[in-house]
Amino acid sequence: MRLLKYVARRLLVLPVQLLIVSLIVFVLVRQMPGDPTFLYTGPFATTDRVAEVRRQLGLDEPLHVQYVRYLDRIAHGDFGLSMRTSQPVVADIRQRLPGTMELILYSVVLSVAIGVPLGVYTAIRDKGILNRLVFLYGMTAGALPDFWFALIAIFLFFYTLDWLPGPMGRLDLMLAKPADITGLYTIDSLLTGNWAALASASAQLALPVLTLVFIYMSLVLKNTRSAMEDMLRSDFVLYARAAGLSRMMQWRYALRNAMPPVITVTGILTWFLLGGAVLVETVFAWGGLGQYAVQSVVNSDYAALQAVVLLSAVFTMAVFLVVDLAYFVIDPRIK
Amino acid sequence: MAPLLDIGALGVDLATAGGSRRIVDDLSLRVGQRESVGIVGESGSGKTILIRAVLGLLDPPLAVAGGSIAFDGRELVGLDERRFREIRGRDIALTTPEPRKHLNPLLTVGRQIANVIRAHRDVAHAAAAEEAIGLLRAVGIPDPERRMAAYPHELSGGMCQRVIIAMALAHRTRLLLVDEPTAGLDVTISRQILDLMHQLAESHGTALVLVSRDLGVVAHYCRRVAVMYAGRIVEDASVAAFFERPVHPYSRQLLRAAVAARDGAARERRSSALLPPAETGCAFRLRCPVAVAECAATAPPLAPLAGAAGHAARCLRAAAIAAGEIAA
């Protein structure tokens, strides 16, 4: 009941936040250098032709009129045409978002599944070989660029060892895409029993996910370790020990209290990967949202860019809503 | 009868970058069955470290560096963590100052008490919860069924202290170590808490070691008192003898300060009170009004006073002070 109220309150604020974001994006996009009119007309058009196209695109109107029109259109689900791909922006995004989501999903899940236990383990035992390896890893991962690691991984696992397929996108080119249910190839092929596609999609995912997990898991690991170390030194764990509670119970007390910062950093990682994985996407010819966003900027593709930024805003708010909800569930002190 | 707790020549070292420092030294203390002993001394004198040593809770850089702690005839120094765990909470329990900080903020107090019960007895969750309700009632928490579901932040400091007491008494403890029971509580509440502890300890036959800076508390609830200074016991006496005729110059200063505080008199300020303990000889000599040259040369042992059974002091001039020949 408490939870429902909390969620409802958060959801009520969401449209307001989105409106503000849309306004900022709309204005900022139009402050960028470059004029999309020339994409249509080509460089040799006459002045009259340019003016005509500007009128057609509505770019001759005052900014606030353009904004109101824009709001009216997106309220009807029309995010405009991408000038670069000549497709509706919505169709473009539907094509590219699932690829990025699939990368994020597996990268974040694996980062947490490996990073949290390793962080807990290294906090509990401050000596030993594993601890040293983890320390070394933490130092290394923080200093490596992800795209560089991606290239090394390709060189090793594809070119040299030939264990995994090359950086050719999300699926073997000879295979048909699995039925479009979620857009995530691994899940769709699993749902439809398309084992060939499942195997290929998983193999294609392996290297980019390996790259992202290797580089960004260290965030989760380090946060878990330091939060856990703090909690193990806390008065209530000391008291639990003084009361005769087992090591396991002391660790459980500490772990639960160490969760909030770990949840936060997981949220930040998820949010970051939406756009932050763009170089890795590029290396693996992934065709994800990050790449789409960059191309939209380069080509002054207003409609596409606005849609991508709005989508990122929604995604960000959703991620942090989940983070706050997790806090709310874990910590009874939050009202 | 053999003492319940027999600490002999205990030393505790603090490892630092420049070598180790002895912070509890040559500490001997006996606590009889059902006896209540007060340990007083200023902060930094090693009272809390002593208590932690008894529970085997010293972690590096702190470590026991010699001596013995016998509990009910069993040596505790060098016991491994697993064996110590069986003793903690079951035979020897602890209550702490700042009780709220010592409770897990994310678990209901009912669950925490049940966990302590289940740490030493193989009972089901439901049975442990039943028992926890009984304990909450025993420590005077009204409406215990409802309070079982409360989190520490929903309870007052006094209530949290009662929860800690409930945990400490979950297992017919033989020895209860009470660390600064009055810290952070207002006067009326701390009185209630102390009365409760005292009464529960009496009815369970639990011996009490009460660590406090408050001499009044010790006078009221203990039969014996040990004064600590710089990691050593400097005076050990029955409460009656101590308050009638303290011998060690530090005890006398402590007592005078307590009396002045009670009477609201202007506090006696001595710049010497800021001096650190001396490294050689008698640790207190820099602050001592009756120190002589010999005090710098010899570290006095804790020696029994002639003609006063059960009264010992760590002072070269104890006999002269006791005889009233010099006024310390």
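We did not get these values from a lab; they are worked out from the coordinates using the rules stated. Keep in mind the model is a prediction, meaning the values are calculated, not measured. Neighbour counts are summed over all protein chains in view; Cβ atoms, including those assigned to glycine, are modelled from backbone coordinates with ideal geometry.
By how many nm would the segment from A:GLN31 to A:LEU71 grow when fully extended, if each residue of separation counts as 0.36 nm and the alpha-carbon distance is taken off? Don't jump to the answer; show the numbers that get you there.
On the way: separation 40, 0.36 × 40 = 14.40 nm, distance 1.85 nm.
Gain in length upon complete extension: 12.5 nm.
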From the Cα trace of the stretch B:102-143, what convex hull volume per residue do you get, rounded to a whole Å³? 83
For A:LYS177, which aspartates and glutamates qualify as cross-link partners when the Cα separation must be under 13 Å and same-chain residues fewer than eight apart are set aside? A:ASP188
Quick check: residue separation of A:LEU144 and A:ILE24 times 0.36 nm, minus the Cα distance between them. What number comes out in nm? 39.8 nm
For A:LYS127, list the lysines whose Cα falls under 17 Å from its own Cα; do not include residues on the same chain fewer than 8 positions away. A:LYS222
When the dipole is taken about the Cα centre of the protein assembly as shown, and only Lys, Arg (+1) and Asp, Glu (-1) are charged at their Cβ, what size is it in debye, to the nearest 20? 1360
Residues other than A:PHE272 with Cβ under 14 Å of its Cβ, Lys/Arg counted +1 and Asp/Glu -1, net out at -2
Computed over chain A: longest principal axis from alpha-carbon atoms vs helix A:302-330 long axis, angle to nearest 10 degrees, is 20
Which cross-chain or sequence-distant (5 or more) residues have an amide H under 5 Å from the amide H of B:VAL234, H modelled 1.01 Å from N in plane? B:VAL227, B:MET228, B:TYR229
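Between B:VAL290 and B:ALA127, what is 0.36 nm times their sequence separation minus the Cα-Cα distance? Round to one decimal in nm.
52.5 nm
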So what's the angle, to the nearest 10 degrees on a 0 to 90 scale, between helix A:195-232 and the longest Cα principal axis of chain A? 50
When Lys and Arg each count +1 and Asp and Glu each count -1, what net charge do the other residues less than 10 Å away from A:SER296, Cβ to Cβ, add up to? -1
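Using just the helices of the protein assembly as shown, give the 222 nm mean residue ellipticity in deg cm²/dmol: DSSP H runs with n ≥ 4 each add -39,500 (n - 2.57), and the total is spread over all residues, rounded to 500.
Value at 222 nm, helices only, nearest 500: -17500 deg cm²/dmol.
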What does the net charge come to around B:ARG191 if you take all other residues with beta carbon closer than 14 Å to its beta carbon, with K and R at +1 and D and E at -1? -2
Starting from the Cα gyration tensor of the stretch A:209-335, take the square roots of the eigenvalues, sort them a ≥ b ≥ c, and report rounded, prolate or oblate (rounded when a/c is under 1.5, otherwise prolate if a/b is larger than b/c, else oblate). prolate
Highest mean first, what order results for B:192-202, A:157-167 on Cβ atoms within 10 Å? B:192-202, A:157-167
Cα-only radius of gyration and Dmax that characterise the stretch B:49-90, units Å: 9.8, 28
Work out the P(r) tail for the stretch A:146-245: percent of alpha carbon pairs separated by more than 17 Å, whole number. 65
May I have the extent of the alpha carbons of the stretch B:76-230 along their three principal axes, as whole Å values ordered from largest to smallest? 45, 40, 28
Rg followed by Dmax, in Å, when chain A is reduced to its Cα trace: 24.1, 87
Give me the Debye-computed log₁₀ of I(q)/I(0) at q = 0.06 Å⁻¹ for the protein assembly as shown, equal point scatterers on Cα only, no solvent, two decimals. -0.55
